[in-house]
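Derivation of every value follows stated rules applied to the coordinates shown; laboratory data play no part. Since the model is a prediction, treat every value here as computed from it, not as a measurement. FYI the Cβ positions are ideal-geometry reconstructions off the backbone, even for glycines, and counts take in every protein chain you see.
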């Protein structure tokens with residue numbers, strides 16, 4: 001895994017929702033992993049006005065950096081893209097959960113439905129093969 005120095009991290013964290021989402025898709029496809037945060041109750045959730053969302057991150061460093069204050073007991077956990085495609089896309093859709101991609105510390109981020117997230121990830125996979 002490539003480690004980023006703090007300047008990079010700061011820069012990425014301060015970029016806007018679109019830029020963080022792009023970074024997320026690139027990194028997730030490059031590492032073949034998506035990161036979530038879990039506590040003893042399961043997956044950490046964020047609530048927007050309309051949806052319950054599962055936040056996802058591009059790597060462990062960013063997921064763990066987000067786990068402060070009320071989330072400080074949470075552990076970052078990786079899910080392989082294969083497992084994501086085979087289980088999570090369907091499971092999240094069934095539970096009517098959306099995803100918030102790489103949320104900022106202010107809990108802002110682009111919201112995707114699980115099938116949309118899969119489409120974007122597969123687009124990025126095709127790009128990186130090309």
Alpha-carbon centroids, region 1-78 and region 115-130: separation in whole Å: 19
Share antiparallel - DSSP beta bridges, the chain, percent rounded to 5: 80
Taking the C-alpha atoms of the chain, convex hull volume expressed per residue in Å³: 110
Cut-off 18 Å (backbone N to label point 7 Å along Cα→Cβ of residue 48), residues of region 76-113: 89, 92-113
Residue order, fewest to most beta carbons within 10 Å, for 90, 41: 41, 90
Cβ-based exposure ranking for 96, 107, in which fewest neighbours within 10 Å come first: 96, 107
Estimated 222 nm signal from helices in the chain, with DSSP H stretches of n ≥ 4 weighted -39500 (n - 2.57), rounded to 500: -12000 deg cm²/dmol
Most fluctuating residue given options 42, 109, 91, as computed from a GNM of the chain linking Cα atoms under 10 Å: 42
Region 1-91: relative contact order as a whole-number percent, Cα under 8 Å and 6+ apart: 29
